[in-house]
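Report on the structure given below.
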Amino acid sequence: MSIAITASVDRLLYKPEEVAEALAIGRSTVYELMAEGALKYIKLGRTRRIRRTDLEAYVANLAPLPN
């Protein structure tokens, strides 16, 4: 008897559209953040991808608004 085990694989790279969905912001805002240098990305051919670590670093560096 063979049992297939499906392991959860953490993604390393995200499309700008996926980042926009994860951050609940618009896709164009993600592209603006990348153009400003606020959100690091890599280019694979003609496509842009955001590393999970760069996304986490961006979120960690967001400053909360004062009350």
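Going through region 22-51 one residue at a time, which ones are part of a helix (DSSP H, G or I) and either touching a strand residue (DSSP E or B) at 6+ places or on another chain (Cβ under 6 Å) or surrounded by 13 or more Cβ atoms within 10 Å (Cβ to Cβ) (or both)? Break it down stepwise before answering.
Keep residues of region 22-51 that are part of a helix (DSSP H, G or I), which gives 22-23, 27-36.
Passing the criteria: Ala22, Leu23, Arg27, Thr29, Val30, Tyr31, Glu32, Leu33, Met34.
State all residues of region 34-44 that are farther than 10 Å from Tyr58 by Cα and among the hydrophobic types (A, V, I, L, M, F, W, C); if no residue qualifies, say none. Full working, then the answer.
Initial filter on region 34-44 (farther than 10 Å from Tyr58 by Cα): 34-37, 41-44.
Of everything in region 34-44, those that are farther than 10 Å from Tyr58 by Cα and among the hydrophobic types (A, V, I, L, M, F, W, C) turn out to be Met34, Ala35, Ile42, Leu44.
Suppose we keep only residues that are in contact with an Asp or Glu (Cβ under 9 Å, 6 or more places away or on another chain) and of a type in the set (D, E, K, R) within region 35-67. Which one would you say is nearest to Leu13 (Cα to Cα)? Can you show your working first?
Here is the first cut: in region 35-67, the residues in contact with an Asp or Glu (Cβ under 9 Å, 6 or more places away or on another chain) are 38-42, 50, 52.
Now restrict to residues that are of a type in the set (D, E, K, R): 40, 52.
Numbers: Lys40: 12, Arg52: 6 Å.
Taking the candidates together, the pick is Arg52.
Could you please find all residues in region 1-21 being among the acidic types (Asp, Glu), modelled with pLDDT of 95 or more and either in a loop (DSSP other than H, G, I, E, B) or crowded, with 16+ Cβ neighbours inside 10 Å (or both)?
Filtering region 1-21 for residues among the acidic types (Asp, Glu) gives 10, 17-18, 21.
Remaining after also requiring modelled with pLDDT of 95 or more: 17-18, 21.
Within region 1-21, just Glu18 meets the criteria.
The values are calculated or read from the model by the stated rules, or taken from the named source; none is laboratory data. All values derive from a computational prediction rather than experimental measurement. Heads up, the Cβs are rebuilt from the backbone with ideal geometry, glycines too, and the neighbour counts pull from every protein chain shown.
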